[in-house]
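Please read the structure below before turning to the comments.
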Amino acid sequence: MWAAPRLNSWRWRSRFGSAAVFHVKHAAPFCFVPSSGRGILPIQRERATTRIIAIANQKGGVGKTTTAVNLAACLAAAERRTLLLDIDPQGNATSGLGFAQAAGPGVYELLAGEAKVAEAARPTSVPGLDLVPASDRLIGAELELASAPRREARLKEALNVEAEGYAYVVIDCPPSLGLLTVNALTAAHSVLIPLQCEYYALEGLARIIDAVRLCRMRLNPGLAIEGIVLTMYDARLNLCEQVEQEVRRHFPREVFRTVIPRNVRLSEASSFGKPVILYDIRSAGAEGYLRLAKEIIDGAAKSSRQGT
Ligand SMILES: Nc1ncnc2c1ncn2[C@@H]1O[C@H](COP(=O)(O)OP(=O)(O)OP(=O)(O)O)[C@@H](O)[C@H]1O
Ligand SMILES: [Mg+2]
């Protein structure tokens, strides 16, 4: 269960910077990431309207779901009402929040026009975080969508969520660039790309960035890159450091300053059906995602980690 009293008074000081203060229940001290310029795409400032962020990378196992679940939970903990959409038929975000796939309307019903967001969204154990779960029916959705009218825009049409009062909608995409991901990219304001520090990381990155460009040209001209977040980072490995340097050299302003460390508490939390802030808020994984949420809320530049 949500440990509200503990969280309310909890104050987090980053290991990486003395000015870094994240006060979960009080938005005012959200102050530590200095803004330092703009990337190739506009930097996003906090806004009153709903912001839809697709978490996408065609490569499997890079931390999309872990990022979607924990980022959504941290945004909600920062008092930004958030909706998490699990559009991956694997349903990992759904089970990662402790939900079974089968019960009630979910993302399939949204895509099919059989349910509205308000009918499909379930409250989760994190106050302010709702989930539209994946369901077994989603497995056939790519095939069904292929012959549907406006097949790339089904999710966009379903996501008329401003009236529901969400500050953020986070979409967990499957590991492909098929129609489900294309629907997410068409519906989203921006795409956040989790990148695991490994060989060939840059090649994978080039593919998803190409897909974003294509989507911007054909389907969603306003689609921005929210940022690239390095995941499962192990500071002891030279490879991680090398990949980080390469990625930051190629995308100096797009890479988030925050790096998500490899941290077993993150995998443990999802096996218990919880976001990590409800499982071990003092873990390095929780710190990472709280910082990432703060960077997104601040709309700070995603330049290299100065002074860290
Ligand atoms: N920072 C981390 N530290 C340790 N383990 C992690 C971390 N991030 C993710 N994992 C683990 O790595 C595995 C893959 O992560 P995740 O499911 O988030 O990736 P994904 O990109 O969503 O995968 P898929 O492409 O299959 O949807 C999971 O077992 C997850 O618990
Ligand atoms: Mg996943």
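Every number here is computed from the coordinates shown, using simple stated rules; none is lab data. Because the structure is predicted, anything quoted here is derived from the model rather than measured. Positions of Cβ are generated from backbone atoms using ideal geometry, with glycine treated the same way; all protein chains shown enter the neighbour counts.
How do TYR199, TYR168 rank when sorted from fewest to most other Cβ atoms within 10 Å of their own Cβ?
Working: TYR199 9, TYR168 24.
Listed from fewest to most nearby Cβ atoms, that is TYR199, TYR168.
At q = 0.19, 0.28 Å⁻¹, what base-10 log of I(q)/I(0) does the Debye formula yield for the range 236-295 when every alpha carbon is treated as an equal point scatterer in vacuo?
Debye intensities relative to I(0), on a log10 scale: -0.77, -1.06.
How high is the relative contact order of the range 159-245, in percent, counting Cα pairs under 8 Å that sit 6 or more residues apart?
On the way: 79 pairs, mean separation 29.2, N = 87.
Reported as a whole number, the value is 34 percent.
Between the range 220-298 and the range 133-152, what is the separation of their alpha carbon centroids in Å?
So the two Cα centres are separated by 30 Å.
From zero outward in steps of 5 Å, how is the percent of C-alpha pairs of the range 181-221 spread across the bins?
6, 23, 31, 19, 13, 7, 1
Taking a cut-off of 20 Å between Cα atoms, list the aspartates and glutamates near LYS274, but don't count ones fewer than 8 places away on the same chain.
The qualifying aspartates and glutamates are GLU79, ASP86, ASP88, ASP130, ASP172, GLU287.
Scan around ARG51 for amide H atoms under 5 Å from its own, H built in the peptide plane at 1.01 Å from N, and keep only partners 5 or more places away or cross-chain.
Result for ARG51 returns TYR168, VAL169.
Going by how many other beta carbons lie within 10 Å of each one, how would you line up ARG137, ARG265, fewest first? Intermediate values should be presented prior to the final figure.
Numbers: ARG137 19, ARG265 16.
Lowest to highest Cβ neighbour count: ARG265, ARG137.
Can you list residues from other chains, or at least 5 along the same chain, whose modelled amide H is less than 5 Å from the amide H of LEU84?
ASP130, LEU131, VAL132, VAL170
Remind me, relative contact order of the range 171-308 in percent, using alpha carbon pairs under 8 angstrom and six or more residues apart?
On the way: 178 pairs, mean separation 30.0, N = 138.
22 percent.
At a 10 Å Cβ-Cβ cut-off, how would you order LEU85, LEU185, fewest neighbours first? Before the final figure, lay out each step's value.
Values: LEU85 33, LEU185 27.
Ranking LEU85, LEU185 by Cβ neighbours within 10 Å, fewest first, gives LEU185, LEU85.
Under the rule a/c < 1.5 gives rounded, and otherwise a/b versus b/c splits prolate from oblate, where does the range 217-268 land using the Cα gyration tensor?
Working: a/c = 3.31, a/b = 1.63, b/c = 2.03.
Verdict is oblate for the range 217-268.
Search the structure for amide H atoms under 5 Å from the amide H of VAL255, placed 1.01 Å from N in the peptide plane, and list their residues when 5 or more places away or on another chain.
Amide H to amide H, under 5 Å and 5 or more residues apart or across chains, VAL255 pairs with ILE228.
For the range 57-137, which GluC sites (Glu not before Pro) pass both filters: DSSP loop (anything but H, G, I, E, B) and at most 16 other C-beta atoms within 10 Å? Working shown, then result.
Details: sites: GLU79, GLU109, GLU114, GLU119; in loops: GLU79, GLU114.
Sites meeting the loop and neighbour criteria: GLU79, GLU114.
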